[in-house]
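The values are calculated or read from the model by the stated rules, or taken from the named source; none is laboratory data. No experiment lies behind these values; they were computed from the predicted model shown. So basically every Cβ, Gly included, is an ideal-geometry build from the backbone, and we count neighbours across all protein chains shown.
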Amino acid sequence: MNTTRYGRPDPAPVETLGAELVEAMCAADASVRLKAALRAGTDPDPRLVELLVGRCAVEPDFFVRDMLTWALCRMPVDVTVPRLLDELRAGGAQARSQALHTLSKIGDRRAWPEARAHVHDRDDDVARSAWRAAVALVPPGAEGDLAAGLAAALGRGDLEMQRSLSRALIGLGEPVLPVLDRAKASADARVRAHADATEALYRDPDSAFAVSVEAAKRVAATGPEGA
């Protein structure tokens, strides 16, 4: 066994660091993988960051992915954040989405430029994660610019995706209002409807978004008498 000059054992290489844990993270049973991710976060070791990030890219179970994110949040940020940024630049759709989600939870603003760069990602899940991450990481004073960037996606996707964008927009606070005013004058009826519904949600966060957006679409299509 190798020892340091203080007589203590050198840390085990990651290949031998909890071989059982590594195997458990690849188990067929999701509950076994969940417990493995919990163990990794309970006793955080930065040498596990690579394994955790790699599992995020392929893990099919939502709850396990969320536990992997929690475990990564327990690791040193100077190890985790650069690795997640690498994943954003080179990973597949799930890898990028999960990296953005994890970066939003860590809250390190070094990730802000990358989060902003992904808000118009062609993959819907990546874009949604980027919206949330960008809002969580936006520097003070940049909320209006971010709102304008996010507003370019008004009308995109299905009702659930539109709701996600609306939630992200209203998370920016008052700077979103002039952006929504401009969007309500769009030539695109779908954009106008989404902007109207977002403003209604801003005014009343407990309102039913589905009802608001459908009413806004009717107004956009037929005029005020169609409401």
Given the criterion surrounded by fewer than 17 Cβ atoms within 10 Å (Cβ to Cβ) and either among the β-branched types (Val, Ile, Thr) or touching a Leu at 6+ places or on another chain (Cβ under 8 Å) (or both), identify the matching residue among Arg109, Arg122.
Arg109
Determine, yes or no, whether Gly149 is in contact with a Pro (Cβ under 6 Å, 6 or more places away or on another chain) and either assigned to a helix (DSSP H, G or I) or not assigned by TED's automatic domain parsing to the domain that holds Gln94 (or both).
no
Here are some residues: Ser129, Ser166. Which one is among the polar types (S, T, N, Q) and over 30 Å from Val32 (Cα atoms)?
Ser166
Being of a type in the set (A, V, I, L, M, F, W, C) and modelled with pLDDT of 95 or more is true for just one of Leu201, Leu180. Which residue is that?
Leu180
Of the residues Arg96, Arg74, Arg65, Arg83, only one is closer than 18 Å to Glu23 by Cα, out of contact with any Lys or Arg (no Cβ under 6 Å at 6 or more places or on another chain), charged (D, E, K, R) and assigned by TED's automatic domain parsing to the domain that holds Val32; which?
Arg65
Asp196 fails exactly one of the following numbered conditions: (1) in contact with a Lys or Arg (Cβ under 7 Å, 6 or more places away or on another chain); (2) modelled with pLDDT under 90. What is the number of that condition?
(2)
Would you check if Ala115 is touching a helix residue (DSSP H, G or I) at 6+ places or on another chain (Cβ under 8 Å) and either part of a helix (DSSP H, G or I) or among the hydroxyl-bearing types (Ser, Thr, Tyr) (or both)?
yes
Return yes when Val64 is of a type in the set (A, V, I, L, M), modelled with pLDDT of 95 or more and part of a helix (DSSP H, G or I) and no when it is not.
yes
Are any residues in the stretch 153-170 in a loop (DSSP other than H, G, I, E, B) and at pLDDT 95 or above, and if so, which ones?
Ala153, Leu154
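May I ask you to verify whether Ala133 is farther than 16 Å from Ala57 by Cβ, buried (at least 22 other Cβ atoms within 10 Å of the Cβ) and at pLDDT 95 or above? Working first, answer last.
Numbers: farther than 16 Å from Ala57 by Cβ: yes; buried (at least 22 other Cβ atoms within 10 Å of the Cβ): yes; at pLDDT 95 or above: yes.
It is true that Ala133 is farther than 16 Å from Ala57 by Cβ, buried (at least 22 other Cβ atoms within 10 Å of the Cβ) and at pLDDT 95 or above.
Each row is one residue, and each column tells you yes or no for (1) under 16 Å from the mean Cα position of the chain (by Cα); (2) at pLDDT below 95; (3) of a type in the set (Asp, Glu); (4) in a loop (DSSP other than H, G, I, E, B).
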{"residue": "Arg5", "(1), (2), (3), (4)": "no, yes, no, yes"}
{"residue": "Thr16", "(1), (2), (3), (4)": "no, yes, no, yes"}
{"residue": "Ala24", "(1), (2), (3), (4)": "no, yes, no, no"}
{"residue": "Pro44", "(1), (2), (3), (4)": "no, yes, no, yes"}
{"residue": "Gly54", "(1), (2), (3), (4)": "no, yes, no, no"}
{"residue": "Leu72", "(1), (2), (3), (4)": "yes, no, no, no"}
Run down Leu100, Leu84, Leu88 and say which single residue is touching a helix residue (DSSP H, G or I) at 6+ places or on another chain (Cβ under 7 Å), modelled with pLDDT under 95 and outside any loop (DSSP other than H, G, I, E, B).
Leu88
